[in-house]
Amino acid sequence: MSGSRIRKEPVCLNCGQDVQGRFCTVCGQENIEPRENFRSLLTHFIKDFTHFDGKFFHTIRVLLFQPGELSKAYINGKRASYLHPIRMYLFISFAFFLIIYLTEKVSSTEVPASQTPSIDSVTTVLTKQIVALQKKQQPNDSGIGDFVIREKILQLEKRKWQLKADSSQITEIWKNLNDSSLVFDSKDSNLVSAEWYELQQRQLPPEKRDSGVEHWIKKKIARANGKFNSSSELISLLSEKFPAQLPKLLFISLPLVALLLAGLYFRRKQWGYADHAILTLHLFSATFLLLAIQLILSLVFTMLHWNLINRILGIGFGILLPFFYYSSLRNFYAQSIRKTIWKTFLLLLGSTFILVIIFSMSVLLALLSLH
């Protein structure tokens, strides 16, 4: 209760029903004066925060240290002491992707001085690449192959000029130094740009033209070739778009993994699809939590240069996650050890396949967004 004064009017301000006592029996709203002072607001905030804080950590403790028990308790009706599975999943997944973003930011700012090359060494490599391309040029060749080589030479010359004009770009140029252009081979020279690709296609007989998916994919590659100087630029753009899609795609994978669980335990008629979905939400939430802990510890050990401990940590979490899934299935479905091990393997294998398909879709969406 808030401690505020009860209204004299025995009518609920929320639903309009008669109120007998402090709370409305229809909607549950407290029949108190609507105008609150600062003390009342502060009291509400402290109570709500401590209530959420206590419930959250109690839920997390059961989730991690008693695998499968949280799902059983929720299905059996013990819900007041725990967070709702969807609410917990959304909160933990948000925190997980925030941790990924922050750890990547911290990692990217730590570039060892030993990895920064000198201007002379970068210039030397650029010159060698230009000379190597010049040797590939054929006299009196006016074809597309020679055009591609000349374009690449111009790109390398441009990088040399950029490096001479602004030495601060040395890190970016060095990253792309050993990166081949998206178009090198003469057999792919018709993919130098989307316009050139379409022109080449129109010149071919109809039966030799690319069609359907092949035409769409090659046109996307050609468009990328015309837009980006190197494959790393394209990969960088896709990497920027990918994290924005990942939480949505993982959420889409949830009902598919729950369906996989339902298929593995189709003989257990006492469990409905919603029950499998609740266990899936808890499994995903626990996975995010464990991966977040690993990310944080790995970042700390990397900063301390404890490489051996970092490798041991990776191996340990690689063992812990399958064991956690096994324990959850064993406690929730109460099947034999042998059957549970086999179904854990199938669940992990099937989930991996689903996630690969989902991630492939995300790359496809990123490619579709290229104009």
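Give region 294-327 a look and list any residue that's aliphatic (A, V, I, L, M) and touching a residue at least 24 places away in the same chain (Cβ under 8 Å), or say none.
Result: 295, 296, 299, 303, 320, 321.
Go through (1) assigned to a helix (DSSP H, G or I); (2) buried (at least 17 other Cβ atoms within 10 Å of the Cβ) and name the single condition residue 291 misses.
Result: residue 291 fails condition (2) only.
Could you tell me which numbered condition residue 45 fails, if it satisfies all but one of (1) modelled with pLDDT of 75 or more; (2) assigned to a helix (DSSP H, G or I)?
(1)
Give the residues of region 12-29 that are among the aliphatic types (A, V, I, L, M) and surrounded by 14 or more Cβ atoms within 10 Å (Cβ to Cβ), sorted by residue number. It would help to see each step written out before you state the result.
Let us first name the residues in region 12-29 that are among the aliphatic types (A, V, I, L, M), namely 13, 19, 26.
Residues satisfying the conditions are 13, 19.
Out of the residues in region 112-166 that are small (Gly, Ala, Ser), at pLDDT below 75 and more than 30 Å from residue 303 (Cα to Cα), state the one that is surrounded by the fewest Cβ atoms within 10 Å (Cβ to Cβ).
142
The values are calculated or read from the model by the stated rules, or taken from the named source; none is laboratory data. As the structure is a computational prediction, the values presented were derived from the model and not from experiment. Note: ideal-geometry Cβ built from the backbone for every residue, glycine included; neighbour counts use all protein chains shown.
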